[in-house]
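Please treat every number below as a calculation from the coordinates, not as lab data. Worth saying up front: this structure is predicted, and the values here are computed from it rather than measured. Here the Cβ is made from the backbone with ideal geometry for all residues, glycine too, and neighbour counts use every protein chain on show.
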Amino acid sequence: MAPTLFQTLLGAAFFRMPDALRTLHGVRGQARHAGAMTIERSRGLLARLCARLAGVPGATTDAALTLDCTTGPRGEIWLRELDTTPRRAQARWRLWHRNGQLRLRRGALQLRCVLHHHGGTLYWNVVGARVLGVLPLPARLLADVRGNEREVDGRCVFQVEAVLPLVGPVFRARGWLQPETGED
């Protein structure tokens with residue numbers, strides 16, 4: 001059986017991660033995870049513009065979250081739905097790997113991330129980006145765009161934040177996910 005995307009990127013470290021992280025990143029076929037997410041957004045004009053261009057939903061607290069993962073030989077598709085009253089915020093991410101880096105694409109934005117696992121936490125560090133697939137953004141702009149995941153009480157708990165030079169904090173998102181069981 002071929003390794004999953006995250007098994008390929010992390011190698012043996014994948015099998016040392018906590019169960020909740022291996023479940024989320026070890027999907028074969030399709031799976032749905034559910035949880036909640038809180039998003040804090042900066043009020044500055046430039047920060048708001050950057051968040052909007054990146055497709056970051058508006059500020060919300062403990063909004064219901066679902067993540068549908070579909071895997072295949074060319075990578076993964078993640079469909080995220082966030083219930084931000086009065087409407088739902090949806091995003092579709094395509095994930096794959098190249099040159100030992102995780103690639104993520106949403107709309108016109110493509111990110112390159114380096115992953116590493118240490119002490120039960122999976123770290124995502126953005127090391128590059130392109131707009132429209134061709135326009136590279138300077139790596140130094142992205143030095144403080146990162147995320148992490150760990151297991152707390154059997155759930156995958158995550159945090160993502162973006163701070164940009166000359167702009168400052170753009171957003172911080174935190175929340176949790178666990179496999180959806182279909183039980184009420």
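Please find, within the range 131-151, the residue that is farthest from residue 59 (Cα to Cα) out of those that are free of Cβ contacts under 8 Å to residues at least 40 places away in the same chain, touching a strand residue (DSSP E or B) at 6+ places or on another chain (Cβ under 8 Å) and in a strand (DSSP E or B). Don't jump to the end; show me each part of the working.
The initial filter retains those residues of the range 131-151 that are free of Cβ contacts under 8 Å to residues at least 40 places away in the same chain, namely 131-148.
Subset that is touching a strand residue (DSSP E or B) at 6+ places or on another chain (Cβ under 8 Å): 131, 133, 136-137, 139, 141-142, 144-148.
Next, only the ones that are in a strand (DSSP E or B) stay: 131, 136-137, 144-148.
Working: 131: 24, 136: 28, 137: 26, 144: 20, 145: 18, 146: 19, 147: 18, 148: 20 Å.
Among those residues, the one meeting the criterion is 136.
Return the residues of the range 120-130 that are over 14 Å from residue 53 (Cα atoms), part of a strand (DSSP E or B) and not hydrophobic (A, V, I, L, M, F, W, C); say none if nothing qualifies.
From the range 120-130, those over 14 Å from residue 53 (Cα atoms) are 120-128; that's our starting set.
Within this subset, residues satisfying the condition of being part of a strand (DSSP E or B) are 121-128.
Hits for the range 120-130 are 121, 123, 125, 128.
Can you run down the residue pairs with Cβ atoms below 8 Å, 6 or more apart or on separate chains, where the first is in the range 108-119 and in a loop (DSSP other than H, G, I, E, B) and the partner is surrounded by 13 or more Cβ atoms within 10 Å (Cβ to Cβ)?
108/131
Testing residue 168 on (1) out of contact with any strand residue (DSSP E or B) (no Cβ under 8 Å at 6 or more places or on another chain); (2) farther than 21 Å from residue 38 by Cα, one condition comes back false. Which one is that?
Going through (1) out of contact with any strand residue (DSSP E or B) (no Cβ under 8 Å at 6 or more places or on another chain); (2) farther than 21 Å from residue 38 by Cα one by one, residue 168 breaks only (2).
Could you count how many residues in the range 152-168 are more than 13 Å from the chain's Cα centre (by Cα), part of a strand (DSSP E or B) and crowded, with 16+ Cβ neighbours inside 10 Å? Don't jump to the end; show me each part of the working.
Taking the range 152-168 and keeping what is more than 13 Å from the chain's Cα centre (by Cα), we get 152-155, 163-168.
If we keep only those that are part of a strand (DSSP E or B) too, we end up with 152, 155, 163-164, 168.
Next cut, crowded, with 16+ Cβ neighbours inside 10 Å only: 155, 163-164.
Selection size over the range 152-168: 3.
Hey, among 88, 106, which residue is under 20 Å from residue 59 (Cα atoms), of a type outside the set (Gly, Ala, Ser) and surrounded by fewer than 14 Cβ atoms within 10 Å (Cβ to Cβ)?
On the way: 106 fails: surrounded by fewer than 14 Cβ atoms within 10 Å (Cβ to Cβ).
Testing whether each residue is under 20 Å from residue 59 (Cα atoms), of a type outside the set (Gly, Ala, Ser) and surrounded by fewer than 14 Cβ atoms within 10 Å (Cβ to Cβ) leaves just 88.
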